[in-house]
């Protein structure tokens, strides 16, 4: 296998991380070998999804001391971690500020990146439904995103002040990215940023191509 520091994934991580952080992430996390072998100027959707996963993990470790201790313990034992999924909670209620209700708040970002739904599982005791989304390029090897949709309508109906309190939290939600007419997010500024760092080629599964 090539030196990970020479991979396109490492170069992509350096769009958001320092060189030292990118080195550490690729040493810490088990990455599917096909993604580490990619070099050159092409950025596939699967590669971009892997980079996104690693950057989100970096942010999680910076915010969560228990997660940092767990990962440091694995590293001290000479082990890598397998980051198989990340869960995101959504609320299926109207008046969500700028965001759509339920999992659409998350899938509007996942769909343009090539994520496809691979599993649905009930969480009835929590009044929730979970769905797993994986990048279509490497569905069996890549990290999944699990948008968990809470449907608290019946529960809040039993708590007089519950609905008011819930809306007080979610009503001010802001959408950080603009939607296209399809209901998915457009990435013009992000695509330009990636293109300025790594020239993106013309494969069919790519998110963006040179102007």
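Computed from the coordinates by the stated procedures, all read-outs in this text should not be read as laboratory data. The structure displayed is predicted, hence computed values, not measured ones. Don't worry about glycine lacking a Cβ; one is built from the backbone with ideal geometry, like all the others, and counts go over all protein chains shown.
Between residue 5 and residue 136, residue separation times 0.36 nm minus the direct Cα-Cα distance comes to 44.7 nm. What is the calculated FRET efficiency for residue 77 to residue 165, with r their C-beta to C-beta distance and R₀ = 41 Å, to the nearest 0.05? The value I calculate is 0.40. Packing around the peptides 68-76, 4-12, 49-57, taken as the average count of other Cβ atoms within 10 Å per residue, puts them in this order, highest first: 49-57, 4-12, 68-76.
Full extension of the chain between residue 66 and residue 84 yields a length gain of 4.7 nm, computed as 0.36 nm times the residue separation minus the alpha carbon distance.
In terms of packing, defined here as the mean over residues of other Cβ atoms within 10 angstrom, the peptides 90-99, 37-46, 58-67 line up highest first as 37-46, 90-99, 58-67. For the pair residue 37 and residue 119, the difference between a 0.36 nm per residue extended length and the Cα-Cα distance amounts to 26.7 nm.
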